[in-house]
Structure formats: structure tokens, C-alpha cells
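The values are calculated or read from the model by the stated rules, or taken from the named source; none is laboratory data. Fair warning: this is a prediction, and the values are worked out from it, not measured in the lab. Positions of Cβ are backbone-derived with ideal geometry, glycine not excepted, and every protein chain shown enters the neighbour counts.
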Amino acid sequence: MDVLIFSKDRAPQLDLLLRSMDESFQVRDRKVRVLFRFTSPEMERAYWSVFKDWEWAEPVKEVRVFQEHVGNIVREFEGSSCLFLCDDNVFIEPVESEEFERVMGKFRSDARFHSLSLRMSPDTDFCYPAKREMLVPRFADDPDGDLVWNWRTVVDQHTCWGYPMAVNTHVYRTSDIVPRILSGKFHSVNSLEAMLNRNRMFHRDHMLGFRSRKVFDVCNNYVRHDGDGDPELLFRYLRGERIVGIEGFPSNSAHGVVKFVWE
């Protein structure tokens with residue numbers, strides 16, 4: 001499986017994501033690349049420290065046009081499936097290899113499935129980005145108890161249950177997603193996701209999820225277009241402290257503000 005992580009000016013949180021992957025996402029034959037960008041020498045120093053600690057993550061420094069970098073990376077994908085993550089994601093529950101292979105086998109063999117989400121759970125009834133409650137869809141019967149739902153029948157298509165083309169926490173067939181990326185126009189992670197959602201695979205009208213949430217999207221540290229995020233996180237990281245976990249995340253949302261655990 002090819003994994004592409006997007007990171008901008010959040011080296012301390014990237015460190016947390018990679019730490020959580022090392023502990024909770026030990027799937028077979030994964031190849032992890034990190035496309036990263038920084039706007040200060042201090043943040044650059046932090047990034048290279050992260051990559052020194054997690055040598056299995058291949059750094060790709062963003063020095064040209066974002067779309068060009070993404071295109072070059074996805075052309076090198078060799079696996080039949082790929083996962084996209086952002087540096088504010090954290091694995092909060094282990095993804096066991098056997099469980100992952102079982103669910104991935106179901107995903108690959110059923111042409112209805114648009115994508116596999118790692119962030120949804122049966123109790124997810126609040127959409128943090130939209131700042132409103134949302135209806136949990138009616139799940140299809142599944143012999144293994146996995147989450148199977150029709151995203152096209154979700155009443156509010158602007159909430160998490162009706163949003164099949166996220167570029168964080170979703171697994172896709174490489175043959176589905178790469179051509180769409182290469183044929184689209186975008187200039188950032190957000191515009192990439194927007195472009196993909198304008199080109200949804202309507203013939204694949206179902207989504208698949210695990211029985212419980214595996215990844216949470218941390219909303220603490222918003223990075224501006226020209227800024228380098230929360231200076232306290234960077235200061236503490238360069239001082240030698242590390243974020244080793246999160247506390248206080250809501251059980252009914254895939255996103256939210258949390259408390260960082262430092263060591």
C-alpha cells in the first residue's frame with residue numbers, strides 16, 4: 001500500500017502522526033511518503049529531526065508547484081490501493097494486520113465501494129467542519145459487522161457520511177484515484193480535495209468502514225497560507241519535548257480540538 005502524507009509547518013504534529021502509525025498501523029508492504037513544506041528555518045530543522053527519528057517515512061520537500069509534486073508522487077504508486085493522510089491526523093486505535101487485510105479484501109472485491117474510511121464509527125453524529133449535528137446513515141447488513149453505507153443517499157452531502165473523497169484517512173483503489181488526480185487542477189491540499197469531490201465516482205455508491213474509529217483529525221493548530229502554525233508547539237519540540245498522544249477527543253465526531261500529551 002502506498003501512503004502519502006501532506007504536511008505544512010506542523011512538524012511536531014507530523015511526529016505524532018508517524019509515532020502513532022509506528023505503534024498502530026503496522027500493515028504489510030506499506031510505503032510512506034511525506035510531502036512537506038515549511039516557512040521558517042526553525043520549522044525546517046524540526047522536520048529533518050522528525051525524518052531522522054522515523055526513517056521509514058520518505059521525505060519529499062516541496063520546492064515547486066504543489067500539483068506537480070503530487071503528480072510525480074502518485075505516478076510512482078506501485079500498490080493496488082493507496083491511503084492519504086494529513087499531519088493533523090492521529091491513529092487512536094490499532095489497525096491489526098489481519099483485520100486490515102480482511103477489510104481490504106472486502107473493499108477490493110466489491111465494485112460498489114468508493115473508498116474505505118478510517119475515521120468513521122457508528123456513533124459519529126456531529127460534523128465538526130460543518131459545526132452541526134448529522135444523521136447517522138442506515139447501515140447495510142454485513143456478516144462481519146463492518147460499516148457499509150450508501151453515501152449517495154445521505155441527506156446532507158456536506159457532512160462526513162456523505163463525503164467520499166477526503167484526502168485524509170481514506171483508502172482508494174490506485175486505479176480509481178490516480179487518473180483523477182493527474183487530470184485535475186489544484187494548488188493545495190484543500191483544492192485537491194475540492195477537485196476530487198467535484199469528480200466523485202458515482203458508479204461506486206457505497207463506502208466501507210471499520211467497526212470503530214481508527215484515526216482522529218486534530219483541529220488545534222490551524223496553519224495560515226503564509227504562517228508556520230502554533231509557535232509554542234515548535235518551541236517545545238525544538239527544546240526536546242514530543243507530543244506522544246492526545247486526550248479529550250469527542251467520541252461522536254471524526255474531528256475536534258484535543259489536549260496534547262507531552263513527554
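For region 80-119, filtering for residues that are of a type in the set (Lys, Arg) and out of contact with any Asp or Glu (no Cβ under 8 Å at 6 or more places or on another chain) leaves 1. Note on region 147-198: residues that are closer than 25 Å to Asp9 by Cα, of a type in the set (A, V, I, L, M) and either assigned to a loop (DSSP other than H, G, I, E, B) or in contact with a Pro (Cβ under 8 Å, 6 or more places away or on another chain) (or both) total 3. Restricting region 187-199 to residues that are surrounded by fewer than 18 Cβ atoms within 10 Å (Cβ to Cβ) and touching a residue at least 60 places away in the same chain (Cβ under 8 Å) leaves a set whose member that is farthest from Ile5 (Cα to Cα) is His187. Restricted to region 17-42, and to residues there that are among the aliphatic types (A, V, I, L, M) and modelled with pLDDT of 95 or more, the residue that is surrounded by the fewest Cβ atoms within 10 Å (Cβ to Cβ) is Val32. Within region 1-32, take every residue that is more than 22 Å from Tyr222 (Cβ to Cβ) and assigned to a strand (DSSP E or B) and give me the one that is nearest to the chain's Cα centre (by Cα). Per the stated criteria, the residue is Val3.
Checking Glu78 against (1) surrounded by fewer than 15 Cβ atoms within 10 Å (Cβ to Cβ); (2) in a helix (DSSP H, G or I), only one condition comes out false. Which one? Of (1) surrounded by fewer than 15 Cβ atoms within 10 Å (Cβ to Cβ); (2) in a helix (DSSP H, G or I), only one is false for Glu78: (2).
Checked against the criterion of being in a loop (DSSP other than H, G, I, E, B), under 16 Å from Ser212 (Cα atoms) and out of contact with any strand residue (DSSP E or B) (no Cβ under 8 Å at 6 or more places or on another chain), region 99-109 contains not a single residue that satisfies it.
Would region 85-94 turn up any residue that is within 21 Å of Asp144 (Cα to Cα) and either at pLDDT 95 or above or not in a strand (DSSP E or B) (or both)?
Within region 85-94 (the criterion being within 21 Å of Asp144 (Cα to Cα) and either at pLDDT 95 or above or not in a strand (DSSP E or B) (or both)), the answer is yes, since at least one residue qualifies.
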